[in-house]
Amino acid sequence: MRVIRALSAALLTVGVAAGPAAADASPSPSQDGSSAPTQAGTSFRTATEIEQGQRATASGSTGDYLYWSFPADTGQRPTVRATVKLPETHAAQTWQIVVYDGLRRRQACQYGAQTRTAAADASSVELACVLRTVRAWSEPWANDPLPGTYYIRVTPVGVATADLGLPVGTEVRADSEDVGGSAAVDGSLAEPLVPGIASKPEEEQQDAAVLAGLEPEDGWTSGWWSDRWVWTAVGGILAALAGVGGYALTRGTGRPSRVPPAA
Amino acid sequence: MITRTRLASGVCALLAALTAGLAFPAGAAAGEPTGQDAPKVDLVLDVSGSMRARDIDGQSRMAAAKQAFNEVLDATPEEVELGIRTLGADYPGNDRKTGCKDTARLYPVGPLDRTEAKTAVATLTPTGWTPIGPALLKAADDLEGGDGSKRIVLISDGEDTCAPLDPCEVAREIAAKGIGLTIDTLGLVPTAKLSRQLSCIAEATGGTYTSVEHQDELTDKVNQLVDRAADPVVTPVPAEGADRCSAAPTLKSGLYTDREEFGQQRFYRVDVRPGQELRASVSVGADRAVNPGHGVLLRAVTSKGREIVRGEAAGTGRTDVLSTGLRYPKADSDDEDAPAEAVCLAVSHSFSPASGVKTTPGLPLELTVDVVDAPDQAGDVAAFGLGRGWWLLGVLILAGFLAGLVWGWLSRWRVAVWRTN
């Protein structure tokens, strides 16, 4: 456990150390390396990448399809929240948030207001989607969430023509709860479900375009660790102790009384 | 303890340096060519007579547009090749035929000379008709060549006055011709009709439509669109699917684009070796008015026609794309020279055009193919067959206890037997 803790501490330090380094290395005018993105993509291909826990904002127009993507790893149960600030005057509007996995398959929300209608005078509308727990592996015929990239799409689905094109502000955030070993399954994917992972350029280039490049903060888990190891090991130790106890019970204390001392 | 701390911090520093080096080795490489051509943007500005109206922050629409253009020209990123085209700038007369041909290249698409471009913009005066369709066609010609991303930003204050050429259909044709071309539209103080037309043009190409009432909104939006053009994106490769598996083109890992007409089925082929996993996802775009209720089906079939796995998606109502995906891990083979299996990807969709909407060209289709190494296998539901929970502990303790008891009794019995002998 200590090794793991030390390792994660080291990785955390790396993350902190690499943040400012990234900001230094990329003097690009449109993007600020360390702060949250202020833009959104308009298709799967151009989706803006965000980290979990980052509050990404974007200004758009009513009628836009806004896309973001974030990485989610085994054992996490992501929750995606979006807030749309509506223009001052507008008719009633229905907004929707949809989450897709790395294979662009629509992922079901367990709960959360995925679609919501804002009344004519509402100033904002809040959407949420709680996904299922990300599993390390599932059968190819299943639609279970797998580790990899997840896409968020925020869009109005019901809007009056007069409202088309009016400016709106959107804010999204993806967080996740660590579900732990109860969701640990056997097997793992050879590569996370990151689109374009097979056609990534060999040598990493700063501004080479990739479909999705972000990884979780401390890299993709290898999938072998879960708290099931601890449970099973503790169970084994307890079983051994119980065994000793049981054995001792049958022996009583000291020598059997009917054995003569001189034997 | 001190040694350990020092060691740990040393490891941390080393790791940090390594990761920083790995992740961002290209601090120096920023700005170097990335093998992709420069992104091109063509700003198409409506200079029709109606631009004289003084309803944007108290100044005329033309003045607002000019000021916005000046600010945009200052903020344009170095790598973007920017051009400006006008519509309705030159012909003040009443002849519709001539008026509808009135579109001119004000500044050619190419490396930007800010002063020159600004001088050109300053000369504009609101004049003529609003030939949006012809202007879009010409703008598409301006952007021809190169494989970088291409974007047309159309700024207009009135709907097209040159029927029957529907600018919406023109936009669709342009998008079908050029790869990676997007048209974004901005309406200056728009009417409902203009909103509908401009958002139709935008949706036909996967662009955005914005209505503008203030000058700073105009500047911000055009800046945002130009910046968006500068962001590096993966450009898809055109592919042409066949109507049957045997004639299908063979694809490798990558991003592809195609067009699929209503009621059509498209086939593509991917070779998968034993021990590899095929991942495919497909998005079919709704670039025109379609009826509510639609679906997309992606199937992986063998060359003999047996279906291996499928991905399906269905939806209703307003959408830009409908997408689905599948993965097919092929089991490893003992035979090292086992041949690759030709897997056919069959794509079909159930969009139906709304009444009065042209059905050609087909709907845009985007296909992502990834062939990765090593298939996955799982022998147990739980990780490595390990257990978890209080029930497990209870069972293990009970089993251990019973085993201890039995062992104890056995050894007592053995001692007793030995004694009696």
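The values are calculated or read from the model by the stated rules, or taken from the named source; none is laboratory data. What you see is a predicted model; the values in this text were computed from it and never measured. As a convention, Cβ positions derive from the backbone with ideal geometry for all residues, glycine included, and neighbour counts pool all protein chains shown.
Miscellaneous remarks
- Residue match in region B:392-400 (condition: exposed (fewer than 15 other Cβ atoms within 10 Å of the Cβ), within 7 Å of another protein chain (Cβ to nearest Cβ) and either within 30 Å of A:Lys200 (Cα to Cα) or not aliphatic (A, V, I, L, M) (or both)): no
- Residue count, region B:311-350 (criterion: within 22 Å of A:Asn143 (Cβ to Cβ) and not in a strand (DSSP E or B)): 7
- Residue match in region B:346-353 (condition: surrounded by 13 or more Cβ atoms within 10 Å (Cβ to Cβ), in contact with a His (Cβ under 8 Å, 6 or more places away or on another chain) and over 26 Å from B:Pro238 (Cβ atoms)): no
- Single residue of region A:129-152 satisfying the filter (buried (at least 22 other Cβ atoms within 10 Å of the Cβ) and among the aliphatic types (A, V, I, L, M)) that is nearest to the chain's Cα centre (by Cα): A:Val134
- Residues of region A:156-184 classified as within 12 Å of chain B (Cβ to nearest Cβ) and in contact with a Leu (Cβ under 7 Å, 6 or more places away or on another chain), total: 1
- Where strands (runs of 3 or more DSSP E) fall entirely within region B:87-194, those with at least 1 residues that are under 21 Å from B:Pro236 (Cα atoms) are at B:150-156, B:181-188.
- Among the residues of region B:351-379, the ones that are in a loop (DSSP other than H, G, I, E, B) and either among the small types (Gly, Ala, Ser) or within 12 Å of chain A (Cβ to nearest Cβ) (or both) come to 11 in all.
- Qualifying residue in region B:336-345 (condition: facing chain A (nearest Cβ under 8 Å) and of a type outside the set (Gly, Ala, Ser)): no
- Here B:Val395 meets each of (1) closer than 28 Å to A:Leu146 by Cβ; (2) out of contact with any Cys (no Cβ under 7 Å at 6 or more places or on another chain); (3) not in a loop (DSSP other than H, G, I, E, B) with one exception, condition (1).
- Residues that are aliphatic (A, V, I, L, M) and touching a residue at least 40 places away in the same chain (Cβ under 8 Å) were ranked within region B:238-265; the one that is nearest to A:Ser61 (Cα to Cα) is B:Leu255.
- Among residues of region A:226-258, those that are surrounded by 15 or more Cβ atoms within 10 Å (Cβ to Cβ), assigned to a loop (DSSP other than H, G, I, E, B) and either modelled with pLDDT under 85 or among the polar types (S, T, N, Q) (or both), counted: 1
- Scanning region A:66-108 for residues being buried (at least 19 other Cβ atoms within 10 Å of the Cβ) and either of a type in the set (Phe, Trp, Tyr) or not in a strand (DSSP E or B) (or both) gives a total of 15.
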